[in-house]
Amino acid sequence: MADRVYNFNPGPATLPLDVLRQAQKELLDYHSTGMSVMEISHRSPEFDEISRSAATLIREILGLTDQFHVLFLGGGASTQFALIPLNFLASGKTAAYVDTGTWSTKAIKEARGVGNVQVAFSSQAEGYRMVPTAGQIDCPSDAAYLHLTSNNTIVGTQFHQFPDLQGVPLVCDMSSDIASRRLDYSRFSLIYAGAQKNLGPAGVTVVIIRDDLLARCAENLPSMFNYQTHAKKNSMYNTPPAFPIYMVRLVLDWIKQQGGLEAVEKNNIAKKDCLYAMMDGAPDFFRGTVEPDSRSWMNVTMRLPSEELEQKLITQAKAAGFVGLKGHRSVGGVRVSMYNAMPLEGVEKLVAFMEAFRKAN
Ligand SMILES: *Cc1c(COP(=O)(O)O)cnc(C)c1O
């Protein structure tokens, strides 16, 4: 594919080429309906199959039982920042939040608008260079839930161990690392992820809720804000984002064809090892911005010796077919986002390019 670039955008992000081809093949006539998925009824047997199989595949890939409900909602991960406290932060209760960067901060802001919040850990004073170890999290034993952001897309940190808090439900924003590695996903009571990093296009958010937490949703919420509404109707209470859900289904099929999370994780480890080895080999030129223990496998952040060199690298990389390397405007520098769909070959070629750039500069 001569016209395709290596897309290191942080989200929306690269999708597997096989998935795009499949969508292209089925675009005008989905399964002999004579219609596109964008045109069929969300109540049709064809769409029902897409939605159900997507939910089943998520449970299968993440290793979850039927105790977990899989919802496909609109509004992005950002809407969940508000829906979580609206559903689960009852008056008089406290929700604990771990503050590890921009997305956590936004989640905290929304929760504060609903009820009491205790910040159980914050690395703000350290410029969000690290995530906490389990022992550093100060969570009240009667908290309504503890909220974490497993991968901090902007600063480039990631949890590699999770706290085990008996009795306190763990709620996790996994927007930028869901299904990227093997984990005991069943220890989370609620997982949510905007699809546009690891699962598909923008427009749908996957919310996974365990039975016992679902039973605790607040009453008197508007129907669309209550998770039970969507769970009872299998995400068909209103018209769901049908085409994004279809794309997520194709991405899940692709993950399964790769060999599931074991294979995906192996590939992601090879990619991050390749990039961090380059940085560790030239720390004065490619200066990592986070603590080594907290390094993200998905978003690798670094500074070069000057902003001028950073700009030059980003410009020359683009001309060479590597796009999306500019750091987030709030932190600057260079960020390499390499979600599941980025092939190892793309990272290896980028590393070769960056090494040549270093030698030339
Ligand atoms: C991208 C991102 C979000 C925001 O997702 P939207 O779907 O745009 O609302 C939230 N949390 C994390 C960790 C993200 O990476």
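Starting at the first residue of region 332-339, write each ³J(HN,Hα) from the Karplus equation 6.51 cos²θ - 1.76 cosθ + 1.60 with θ = phi - 60°, in whole Hz, x for Gly and Pro.
x, x, 10, 10, 9, 9, 9, 6
Run through the DSSP bridge list for the chain and note the antiparallel percent, rounded to the nearest 5.
55 percent
Can you give the percent of C-alpha pairs in region 1-115 whose distance is more than 16 Å?
76 percent
Among Thr100, His328, Met338, whose Cα projects farthest towards the positive end of the dipole of the chain, with charges put on the beta-carbon of Lys, Arg (+1) and Asp, Glu (-1)?
Ranked along the dipole, the leading option is His328.
Report, largest value first, the span of the C-alpha coordinates of region 87-175 along each principal axis, in whole Å.
34, 26, 24
Projecting each Cα onto the charge dipole of the chain (Lys/Arg +1, Asp/Glu -1 at the beta carbon, about the Cα centre), which of Gln136, Gln258, Ala356 comes out farthest on the positive side?
Of the candidates, Ala356 comes out farthest on the positive side.
Can you tell me which of 322-328, 262-268 comes out highest on packing, and rank the rest after it, using the mean Cβ neighbours within 10 Å?
In decreasing order of mean packing, 322-328, 262-268 become 322-328, 262-268.
Using the Cα centre of region 83-219 as the reference point, and only Cβ charges (+1 on K/R, -1 on D/E), how large is the resulting charge dipole? Debye, rounded to the nearest 20.
My answer is approximately 280 debye.
Once you order the gyration tensor axes a ≥ b ≥ c over the Cα atoms, which shape class does region 46-92 get: rounded for a/c under 1.5, otherwise prolate or oblate by comparing a/b with b/c?
The shape class here is prolate.
Suppose every Lys and Arg Cβ carries +1 and every Asp and Glu Cβ carries -1, with no other charges. What dipole size does the chain come out with about its Cα centre, to the nearest 20 debye?
About 540 debye.
Pick from Ser330, Ser123, Ser296: which residue has the top mean-square fluctuation in a GNM of the chain where Cα pairs under 10 Å get a spring?
In the Gaussian network model the winner is Ser330.
How big is the C-alpha Rg of region 158-248 next to the rule-of-thumb value 2.2 N^0.38 Å, as a ratio?
After normalising by residue count via 2.2 N^0.38 Å, the value is 1.17.
Once region 104-236 is represented by equal point scatterers at the alpha-carbon sites, with solvent omitted, what log10 I(q)/I(0) does the Debye formula produce at q = 0.21 Å⁻¹?
-1.60
Which of Ala77, Ala195, Ala270 ends up with the largest GNM mean-square fluctuation for the chain, with Cα atoms connected below 10 Å?
Of Ala77, Ala195, Ala270, the Gaussian network model singles out Ala270 as fluctuating most.
Under a GNM of the chain (C-alpha, springs under 10 Å), which listed residue has the highest mean-square fluctuation: Met236, Met338, Met35?
Met35
If you project the alpha carbons of region 221-358 onto their three principal axes, what span does each projection cover, largest first, in Å?
So the three principal-axis extents are 55, 35, 33 Å.
Per residue, how big is the convex hull around the C-alpha atoms of the chain? Give it to me in cubic angstrom, could you?
Taking only Cα atoms, the chain has a hull volume of 131 Å³ per residue.
Between their Cα atoms, which of Lys106/Lys232; Lys272/Lys318; Lys25/Lys318; Lys109/Lys266 are more than 31 Å away from each other?
Lys109/Lys266
Which one, Pro292, Pro240, Met279, is farthest towards the positive end of the dipole of region 229-318 when Lys and Arg carry +1 and Asp and Glu -1 on their Cβ?
Pro240
Rule-based calculations on the coordinates, nothing more; no lab input. The model shown is predicted, which means the values in this text are computed figures rather than measured ones. A quick note on method: Cβ atoms are made from the backbone with ideal geometry, for glycine too, and the neighbour counts reach across all protein chains shown.
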